[in-house]
Amino acid sequence: MEQSLRPALLVDDGDWSTLVTRPTSLALPAARGWFLRLLFVTVVIQTAVYVVRPMVSYQALALGADNTQLGLVAGAYASLSLFVAVPIGRWVDRWGELLFVFLGGAVIGGVALSLVFIHSLVALAISQAALGFGHIACVVGSQTLVANQGPPEERDARFGLFTVAVSTGQLIGPALGGLLGGSGGAGFDGTLVFGTTAALTLPGVLLAIWMWRRTARPPRAHPEPTRPRESSWRATHRVLRIPSMPHAMIASLTVLTTIDLIAVYLPAYGEAHGMAVETVGLLLAVRAAASMASRLLMLRLIRWLGRKRLLLASIVLPALALLVLPFLEAPVALGIVLLVAGLGLGLGQPVTLSWVADRAPRDVRGLAIGVRLSGNRFGQVVLPLGVGVIAGGAGLTAAFIAMGAMLGGSAAAVLGADFGSTEAEL
């Protein structure tokens, strides 16, 4: 009896292929060891990333960056990971998820430490490309692990709780960064912010290494020996043939890029209106807290509205909020608008992620998640550049209006999609 209650990930009987299929009597896998540990690692890594990303905007402003250059630095974050997301997805399918969780976390900690010594915009952009690479490795590993472990009917619940952990890091990160960045009293203190962030990643990386060592396995052959090995391009094309996959990618990349752009341009907006670093950090934390709240309610909302209507609402709501935001200056009013935006932005990622995991067969699930993340990174490269050009020519108000318009276009694309939960064969 006790054996059946053990989390599948931590059972080592020499046959890895049985680990994801062993029955469990738990109603929710999140209640047991491996998932709780993964949630802790996720909170730590996301906190580190979301300390660094908005605080890098202050670092760039201190180095003399204008609005267009802020967009370039923001776009650099996704430039490298755009090209490696699909290969990483294939490597995860072959080598295992946790290897990439701890490697990605180690890269993120190293980037945070390097920012203590960076004093040029070019080096800052390079550091953000490396940060994006570390983050994509960690995210593909984590999301594939969540998709593969436990019964498929509990996948929505697992992804809902997993993205709550992501939101927790996105809530703590900006608030912590703001407190650290403004603690010197004489402007932004990058040394304290980035040095502390590097130290913060250490327990998460060590725990991920421990989990990986307990489940280390040799690379496995593809489970379908009759299927010839494909090139990354052919495998990507196969994943993109899943019905409505392009629609899911458009929704996912616009929502994620909007979250990033808010983290990039709200500090500039706050500085232009005389807001303290701590205030901007708290406003970003309000957005993340609202996203966390909506993710906690995701299962009920899916049952009530269905995936498609919920996804549409989660895109339209922040679009309207962002169209209003640049005409407000009072922190309280901005907080209310960001709370509304956060409620919607919190749902786009878990809804599309769970849908992709449902549709993709297990042997290419890491690849499918990698393709989705590659689309996200494409958006995170191209859209910040476009918004940066708009902001450079027309000001910060135009940047937020452009974000709202971008989400509006995404909602139009989702209207024609089928976001049912039936698993498809590729």
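Taking a ≥ b ≥ c as the square roots of the eigenvalues of the Cα gyration tensor, an a/c ratio of 1.5 or more together with a/b no larger than b/c marks the stretch 297-424 as oblate. Residue-wise HN-Hα couplings along the stretch 51-64, as the Karplus relation 6.51 cos²θ - 1.76 cosθ + 1.60 with θ = phi - 60° gives them from phi, are 7, 5, 4, x, 6, 5, 4, 5, 4, 5, 4, 5, 8, x Hz; Gly and Pro carry x.
I'd like the distance between the alpha-carbon centres of the stretch 368-403 and the stretch 280-336, rounded to an integer number of Å. The stretch 368-403 and the stretch 280-336 have Cα centres spaced 19 Å from each other. Across the stretch 90-107, rounded Karplus estimates of 3J(HN,Hα) from the backbone phi angles (6.51 cos²θ - 1.76 cosθ + 1.60, θ = phi - 60°) give 5, 5, 4, 4, 8, 9, x, 6, 5, 4, 7, 4, 6, 5, x, x, 5, 5 Hz, Gly and Pro being marked x. Exposure proxy shown here: for 329, 278, the number of other Cβ atoms within 10 Å sets the order, fewest to most, as 329, 278. Between residue 192 and residue 336, the contour length at 0.36 nm per residue exceeds the alpha carbon distance by 48.8 nm. Taking 0.36 nm per residue of sequence separation and removing the Cα-Cα distance, the residue 297/residue 214 pair yields an extension gain of 26.5 nm. Taking θ as phi - 60° and the Karplus parameters 6.51, -1.76 and 1.60, the scalar couplings of the stretch 376-387 work out to 4, 5, 4, x, 6, 8, 6, 5, x, 5, x, 5 Hz in sequence order, x denoting glycine and proline.
Once both labels are positioned 7 Å from their Cα atoms along Cα-to-Cβ, the gap between residue 66 and residue 272 label points is 1.3 nm.
We did not get these values from a lab; they are worked out from the coordinates using the rules stated. Every value quoted in this text rests on a predicted model; they were computed, and no experiment measured them. Neighbour counts are summed over all protein chains in view; Cβ atoms, including those assigned to glycine, are modelled from backbone coordinates with ideal geometry.
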